[in-house]
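Reading through the structure tokens given below for one structure.
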Amino acid sequence: MVIVMAPEATPDNIDNLVDLVATAGGEAYVTRGVSRTIIGLVGDVQQFETLDLRAMPGVSDVLRISAPYKLVSRENQPSRSMVSVRGVPIGADTMTVIAGPCAVETPDQTLAAARMARAAGAALLRGGAYKPRTSPYAFQGLGEAGLKILSDVRDETGLPVVTEVVDAADVELVAGYADMLQIGTRNMQNFALLQAAGEAGKPVLLKRGMNATIEEWLMAAEYIAQRGNLDIVLCERGIRTFEKATRNTLDISAVPVAQNLSHLPVIVDPSHSGGKRDLVLPLSRAAIAVGADGIIVDVHPTPETALCDGPQALVEEDIAALADLASTLSGLTGRVLTPAPQPLPA
Ligand code: PEP
Ligand code: MN
């Protein structure tokens, strides 16, 4: 059950409700959004129904939500959300391209990749400073030095930064540099990390766990939302199947399924799903055609020297084709390609 507070509700109104719910043996989780506060109730719905919550001061509505995820469900909010990343929208009316290197390696490589991203029609820059690698001997990322490079490249190109955080202990540091925190497939059920990201005050890009059902993915999003952050974008990045011809199997049907179950925007990562350069453009077409709200694509100026995921990075020769397909297909699906912000004057 969810209580939607009226915009004019006072902190006392909210405290009274939390206390009242406790008297019925329940727990109340308060989410203070920009325009309204939502209180998620966990406990015995029949007990809650005896409380006459609708009549309490400050209450605008009380919703019975049957989905296990409440705050992120469309039962809670029927209209689809728009998430703003430093002014760049990701949502139902737009097509937002995020592009950049898998990993931040050097200032020159990151700047070159960001310029490729801009030329490809991207409005946001991706790039990992903390890399969750299968092998402990593989490049683990530059850490804070990488975050500084991303922030310099943002100043130079105007592209807000999406970057991964792999540990709850690093969330504050990463949020100090990033415009959007990425939680990767391997960490989708790192609940301490989800909760810390929910408190960081930055939008979150939540990748689907490679072994996760859609319901588990939405429950992971609920962990973030429940800590007061509803600025969440879901990312389908491929799941593990028996198929070996691709790195992962892009579950394209997850896009409309997740959009029907949740109001959150859903984007697709054609790079980590296919795992091969020549699959990225076809899978991007499929993503836009199926109704994704954006795509996130790896690009690299010299993938043969890349420290991470070179084989799936688009190269200079692919950029015009990506720009063309993003703008043409966005129009055909009734969306506006999100323009890149201008760099701040030096
Ligand atoms: C990434 O985007 O760099 C990444 C590691 O992705 P995933 O978590 O989907 O593997
Ligand atoms: Mn990668």
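The values are calculated or read from the model by the stated rules, or taken from the named source; none is laboratory data. Predicted model, so just to flag it, every value in this text is computed and none were measured. Note: ideal-geometry Cβ built from the backbone for every residue, glycine included; neighbour counts use all protein chains shown. Ligands, DNA and RNA are excluded from the accessible area calculation, which covers all protein heavy atoms including side chains. Shrake-Rupley method; radii C 1.70, N 1.55, O 1.52, S 1.80 Å.
Looking at the square roots a ≥ b ≥ c of the eigenvalues of the Cα gyration tensor of segment 2-63, which shape do they give, rounded for a/c under 1.5, prolate if a/b is larger than b/c, or oblate? It is prolate, given that a/c is not under 1.5 and a/b is the larger ratio. Working note: Karplus 6.51/-1.76/1.60 with θ = phi - 60° gives segment 286-299 the couplings 4, 5, 5, 5, 7, x, 4, 8, x, 9, 10, 10, 7, 10 Hz, where Gly and Pro are set to x. Pair-distance distribution of segment 166-269: all C-alpha pairs, bin width 5 Å, starting at 0; shares per bin in whole percent are 3, 14, 25, 25, 17, 10, 5, 2, 0.
The order of the peptides 4-12, 251-259 by mean Cβ neighbours within 10 Å, most packed first, is 251-259, 4-12. Entry note, the chain: the mean residue ellipticity at 222 nm calculated from DSSP H runs of n ≥ 4, each adding -39500 (n - 2.57), is -10000 deg cm²/dmol after division by the residues and rounding to the nearest 500. Each principal axis of the Cα atoms in segment 203-346 has its own extent, and those three values, largest first, are 46, 42, 33 angstrom.
Distance between the C-alpha centers of segment 130-163 and segment 24-69? Whole Å please. That distance is 40 Å. First obtain the Kirkwood hydrodynamic radius of the chain from its Cα pairs, then insert it into the Stokes-Einstein equation at 4 °C and 1.567 mPa s, and state the resulting D in µm² per second as a whole number. After rounding, the answer is 63 µm²/s. What separates the Cα centres of segment 203-234 and segment 322-346 is a distance of 26 Å.
Taken per residue, the accessible surface of the chain reaches 41 Å², heavy atoms only and a 1.4 Å probe. Shown for segment 82-337: the carbon plus sulfur share of the solvent-accessible area, taken with all protein chains present and a 1.4 angstrom probe, equals 54%. Of the solvent-accessible surface of segment 2-63, computed with a 1.4 Å probe over protein heavy atoms with every protein chain present, carbon and sulfur atoms account for 49 percent. Near the amide H of GLY128, within less than 5 Å, lie the amide hydrogens of ALA103, VAL104, all on another chain or at least 5 residues away, with H placed in the peptide plane. Here's how it looks for ILE267: its modeled amide H is under 5 Å from those of LEU234, CYS235, GLU236, ASP293, which are all 5 or more places away or on a different chain.
Of the listed peptides 187-199, 111-123, what is their order by residue-averaged count of other C-beta atoms within 10 Å, with the highest listed first? Please list the in-between numbers first.
Details: 187-199: 20.4, 111-123: 23.2.
Final packing ranking: 111-123, 187-199.
In this structure, the amide hydrogen of VAL299, modeled 1.01 Å from its nitrogen in the peptide plane, lies closer than 5 angstrom to those of GLY100, CYS102, LEU314, counting only residues at least 5 positions away or on a different chain.
Summing Lys, Arg as +1 and Asp, Glu as -1, what charge do residues with Cβ under 9 Å from the Cβ of THR157 carry, THR157 excluded? Net local charge, THR157 excluded: +1. For the chain, the relative contact order is 19 percent, taking Cα pairs closer than 8 Å that sit 6 or more residues apart in sequence and dividing their mean separation by the residue count.
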